[in-house]
2 protein chains.
Amino acid sequence: MASPVKTKKELILEVSLKLFSEKGYNPTSVRDIAKEVGITQSGLYNHFKGKDAILEALIADLMTSAVVKLFENKSIEELAKKGKSILFSIATTFKLISFDKKNEALFKLLMQELYKNSTIRDIYNEHFYQANVKKLSSIFFIMMQDETIKHADPLFLAHEFFSPLFFYQMQVNLLKIDKKSNSSMVTLFEKHVDSFWENNKVTKEDSFFE
Amino acid sequence: MASPVKTKKELILEVSLKLFSEKGYNPTSVRDIAKEVGITQSGLYNHFKGKDAILEALIADLMTSAVVKLFENKSIEELAKKGKSILFSIATTFKLISFDKKNEALFKLLMQELYKNSTIRDIYNEHFYQANVKKLSSIFFIMMQDETIKHADPLFLAHEFFSPLFFYQMQVNLLKIDKKSNSSMVTLFEKHVDSFWENNKVTKEDSFFE
DNA sequence: CAATTATATGAACATCTGTTCTTTATAATT
DNA sequence: AATTATAAAGAACAGATGTTCATATAATTG
């Protein structure tokens, strides 16, 4: 952390993210936020131009999500060499979202506003989904050249790898809202990696007949 | 159709579903609905007790979704015998959602209110997801006994089969909102079935060493 | 035809919303 | 210490919302 002391502006953002992720952007009133921050509604306007501005700041925060930073700073070749373990670490990142308050709230905010807010939709599509799919697709391509995984359409494989992760995460979200047990859902992240790898890794027979 | 003439009540539901699925329940005002129906806001109250009642009626309509009626009336054994083609027909049902106005609207309504409305969440969880997963799981179990597919955890397989279908459908929704091309996304439904079947069907070698 | 029910209207309502304004208190800077 | 910027409060606003009410018209029924 740059500054251990939380500014009021940061507090407002924190509270807003919490409320937006719980009730959605529109149903959360400026009064709700102010009350939880501990000031009056009008006081908010000393820190933000308006409710929109708060959302805008949080939208920018979406880029700090663990999902956006999945492959941060690492080269494709480097990652491809890791084999199954890179897939495992991706799945773990998704799984851990629900154990980290901020990441969970960001993901819930994203999901709730996806159909309503075109900016959020753009960020989701570009940085949460497409960027990751493309990067993983490149990794798969190298793995195929290295005979680590079987030859197939790498882009399709990337879609197939990511889609259950997003979906399972959403499911965990929903179960948590109703305080239902989500433990069996959480185990799916790892099982997904295992079965995905079993289905796509090069087996002895495959390389023998190559 | 029972009656070819649309009653005003049906028209209100139709318009409301359209608007709710586009803008969400809360952001859609009673005035919006009335205007598109062609009456004044107060006139709506001769047909429905309130805005809530309209949503309630539409929630009941969710049960008519193609996703809920996936396995309607057919026995597990019968379906298991169909092999790959049952999976194909499931995937096709999902794919066709975006080509049928009402089904598409119901799915969008569902997705938009999932985080906000606990009744919708219950229906989704029970009838859209769990019921289908369990039924498919039973089908997989029989397929395993029949040596049609490889032995594995049938419940996990069902999760892995369904999750991309839901996710791809959501993706198609989102792309359509922004009028972006979704053709490459739509092809994933069939590819998913193909690869799923290739990964799980019993091959010659499997049965040979049995 | 008369009576009743169903449907429509327009005005009004209370409530909630985001925002602005003026004024007061606090903190930072000179 | 004086000045200036920052943050807070409280009241008020204009607009939108769901709903109600009294009333008028149309449709149905006896």
Item to complete: Could you pull out the residue among B:Ala66, B:Ala60 that is in a loop (DSSP other than H, G, I, E, B) and modelled with pLDDT of 95 or more?
Response: B:Ala66
Practice prompt. Would you mention how many residues in the range B:99-140 are acidic (Asp, Glu) and closer than 15 Å to B:Val172 by Cα?
Written response: 2
Worksheet, complete the sentence: Scanning the range B:123-167 for residues that are among the hydroxyl-bearing types (Ser, Thr, Tyr), part of a helix (DSSP H, G or I) and more than 10 Å from chain A (Cβ to nearest Cβ), the one most open to solvent (accessible area, probe 1.4 Å) turns out to be B:Ser138
Response to the item:
Here the residues within the range A:5-16 that are open to solvent by 10 Å² or more (accessible area, probe 1.4 Å) and either away from DNA strand C (no atom under 15 Å from the Cβ) or part of a helix (DSSP H, G or I) (or both) are A:Lys8, A:Lys9, A:Glu10, A:Leu11, A:Leu13, A:Glu14, A:Val15
Worksheet item: Out of A:Phe20, A:Phe94, A:Phe71, A:Phe88, which single residue is more than 16 Å from DNA strand D (Cβ to nearest atom) and either polar (S, T, N, Q) or not assigned by TED's automatic domain parsing to the domain that holds A:Ala158 (or both)?
Response: A:Phe20
Worksheet item: Can B:Glu72 be described as open to solvent by 20 Å² or more (accessible area, probe 1.4 Å), more than 12 Å from DNA strand C (Cβ to nearest atom), touching a helix residue (DSSP H, G or I) at 6+ places or on another chain (Cβ under 9 Å) and more than 14 Å from every other protein chain (Cβ to nearest Cβ)?
Response: no
Worksheet item: Would you pick out the residues in the range B:47-69 that are under 20 Å from B:Val37 (Cβ atoms), more than 16 Å from DNA strand C (Cβ to nearest atom) and open to solvent by 30 Å² or more (accessible area, probe 1.4 Å)?
Response: B:Glu56, B:Ala60, B:Asp61
Discussion item. I'm told A:Thr28 meets every condition in (1) near DNA strand C (Cβ under 10 Å from one of its atoms); (2) part of a helix (DSSP H, G or I) except one. Can you identify the failing condition by its number?
Written reply: (2)
Discussion item. I'd like the full set of residues that are at the interface with chain B (Cβ under 7 Å from one of its Cβ atoms) and either more than 14 Å from B:Leu157 (Cβ to Cβ) or without any contact (Cβ under 8 Å) to a residue 40 or more places away in the chain (or both), limited to the range A:178-195.
Written reply: A:Asp178, A:Leu188, A:Lys191, A:Ser195
Practice prompt. Kindly establish whether B:Phe107 is within 14 Å of another protein chain (Cβ to nearest Cβ), buried (at least 16 other Cβ atoms within 10 Å of the Cβ), more than 16 Å from DNA strand D (Cβ to nearest atom) and of a type in the set (A, V, I, L, M, F, W, C).
Written response: yes
Discussion item. Which of the numbered conditions does A:Lys102 fail, given that it passes all the others? Conditions: (1) in a helix (DSSP H, G or I); (2) surrounded by fewer than 16 Cβ atoms within 10 Å (Cβ to Cβ); (3) basic (Lys, Arg).
Written reply: (2)
Practice prompt. Can you confirm whether the range A:81-93 contains a residue that is open to solvent by 40 Å² or more (accessible area, probe 1.4 Å), modelled with pLDDT of 95 or more and farther than 30 Å from A:Asn182 by Cβ?
Written response: yes
Discussion item. Quick test of your reading of the structure: B:Lys116 fulfils all but one of (1) within 16 Å of DNA strand D (Cβ to nearest atom); (2) in contact with a Leu (Cβ under 6 Å, 6 or more places away or on another chain); (3) open to solvent by 20 Å² or more (accessible area, probe 1.4 Å). Name the failing condition by number.
Written reply: (2)
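The values are calculated or read from the model by the stated rules, or taken from the named source; none is laboratory data. The shown structure was predicted, so the numbers you read here are calculated from the model rather than taken from an experiment. All Cβ positions, even for glycine, are placed from backbone atoms using ideal geometry, and neighbour counts span all protein chains on display. Heavy atoms of the whole protein, side chains included, go into the accessibility calculation; ligands, DNA and RNA do not. Shrake-Rupley method; radii C 1.70, N 1.55, O 1.52, S 1.80 Å.
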